[in-house]
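To keep things clear, I will list the structure first and then write my remarks on it.
Where a number appears in this text, it was derived from the coordinates with a stated rule and is not lab data. Remember, it's a predicted structure, so these values are computed and weren't measured experimentally. As a convention, Cβ positions derive from the backbone with ideal geometry for all residues, glycine included, and neighbour counts pool all protein chains shown.
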Amino acid sequence: MSLEARKAQARQAAFARRKAAHALDDGCCSSALSGVLAGYRGVPLAGYMAMRTEIDPLAAMEEAAAHGPVGVPVITGKGQPLTFARWVPGGAMVDGTFGAQVPAEMALMEPEILVVPLVAFSRAGGRLGYGGGFYDRTLEQLRARRATLAIGFAYAAQEDPDLPLEPTDQPLDMVVTEEGVIEVGKV
């Protein structure tokens, strides 16, 4: 089976697990993420506006925004890295590419921490996304300039120890789930 076929199969299974976990979400999942981000008060970070069955980081983003700049990703074009627009709680939002909400006023910022949505993850820091490569290109670009922390945010059910990965896939530094924090590379 080709790598692309294995990725498609892994995505399909992970979407089903994520959907089931999302149905049980009681809205308290972001407390573990808030705890992690509290250790980085004031450091520019980017979250995301949850879509469909993604775990929602909004409460943690609101808390972080009280201490420093918070952005959300903006897709500028196919095959391009993401840019990030400054987000403020309660600020006006509009539909962006793929229906993701983006700020109505685009004040660009550059994060040093990315809270990354995903379809599946491994404890080794592997991440399977939607297949567009946006976060891989973005992390590669940001990490070429400075240390950039990538925090996967997911339901524990999205874990897959056997992810089909490529050399261009950028690793996560940690994963935060409703069950706790997985620090990549630490036993």
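Pop out the ³J(HN,Hα) list for the stretch 101-107 in order, Karplus 6.51 cos²θ - 1.76 cosθ + 1.60 with θ = phi - 60°, rounded to Hz; leave Gly and Pro as x.
Karplus values, whole Hz, x for Gly and Pro: 6, 9, x, 5, 9, 8, 9.
Given charges of +1 on the Cβ of Lys and Arg and -1 on the Cβ of Asp and Glu, with all other atoms neutral, how large is the dipole of the chain about its Cα centre, in debye to the nearest 20? Working shown, then result.
Working: 17 positive and 22 negative charges, 80 e Å.
Dipole magnitude for the chain comes out near 380 debye.
So what is the calculated 222 nm ellipticity per residue for the chain, using -39500 (n - 2.57) for each DSSP H run with n of 4 or more, over all residues, to the nearest 500 deg cm²/dmol?
Per the formula, -8500 deg cm²/dmol.
By the gyration tensor of its Cα atoms, with a ≥ b ≥ c the square roots of the eigenvalues, what is the shape of the stretch 3-183: rounded for a/c under 1.5, prolate for a/b over b/c, or oblate?
On the way: a/c = 1.42, a/b = 1.23, b/c = 1.15.
Here the stretch 3-183 falls in the rounded category.
Between the helical axis of 134-145 and the dominant principal axis of the chain, each derived from Cα atoms, what acute angle in degrees is found, rounded to the nearest 10?
Rounded to the nearest ten degrees, it is 60.
List the residues, sorted by chain then number, that are 5 or more residues from Ile55 or on another chain and whose placed amide H is less than 5 Å from its amide H.
Tyr155
Which residue, chosen from Ala124, Thr83, Gln158, occupies the Cα position most advanced towards the positive end of the dipole of the stretch 48-187, where the dipole is computed from +1 (Lys, Arg) and -1 (Asp, Glu) charges on Cβ about the Cα centre?
Of Ala124, Thr83, Gln158, it is Thr83.
Within 10 Å, count the other beta carbons around each residue, average over each peptide in 52-64, 20-32, and list them highest first.
My ranking of the peptides, most packed first, is 52-64, 20-32.
Between the stretch 71-88 and the stretch 136-151, what is the separation of their alpha carbon centroids in Å?
14 Å
Treating the Cα atoms of the stretch 5-85 as identical point scatterers in vacuum, please give the log10 of the normalised Debye intensity I(q)/I(0) at q = 0.12, 0.17, 0.23, 0.25 Å⁻¹, two decimals.
So the normalised log intensities work out to -0.47, -0.85, -1.08, -1.12.
Once amide H atoms are built 1.01 Å from N in the peptide plane, which residues 5 or more positions from Gly96, or in another chain, come under 5 Å H to H?
Here the answer is Gln101, Val102, since their amide H atoms fall under 5 Å of that of Gly96.
Nearest-5 percent of antiparallel DSSP beta bridges in the chain?
Percent antiparallel among DSSP bridges in the chain is about 55.
Can you list residues from other chains, or at least 5 along the same chain, whose modelled amide H is less than 5 Å from the amide H of Val116?
The list, which skips near neighbours in sequence, is Ile151, Gly152, Phe153.
For the stretch 42-59, what does the Karplus curve 6.51 cos²θ - 1.76 cosθ + 1.60, with θ = phi - 60°, yield as ³J(HN,Hα) per residue in whole Hz, taken in order and with x for Gly and Pro?
Each residue of the stretch 42-59 in turn: x, 6, x, 9, 10, x, 7, 8, 4, 10, 6, 9, 5, 5, 9, x, 4, 4 Hz.
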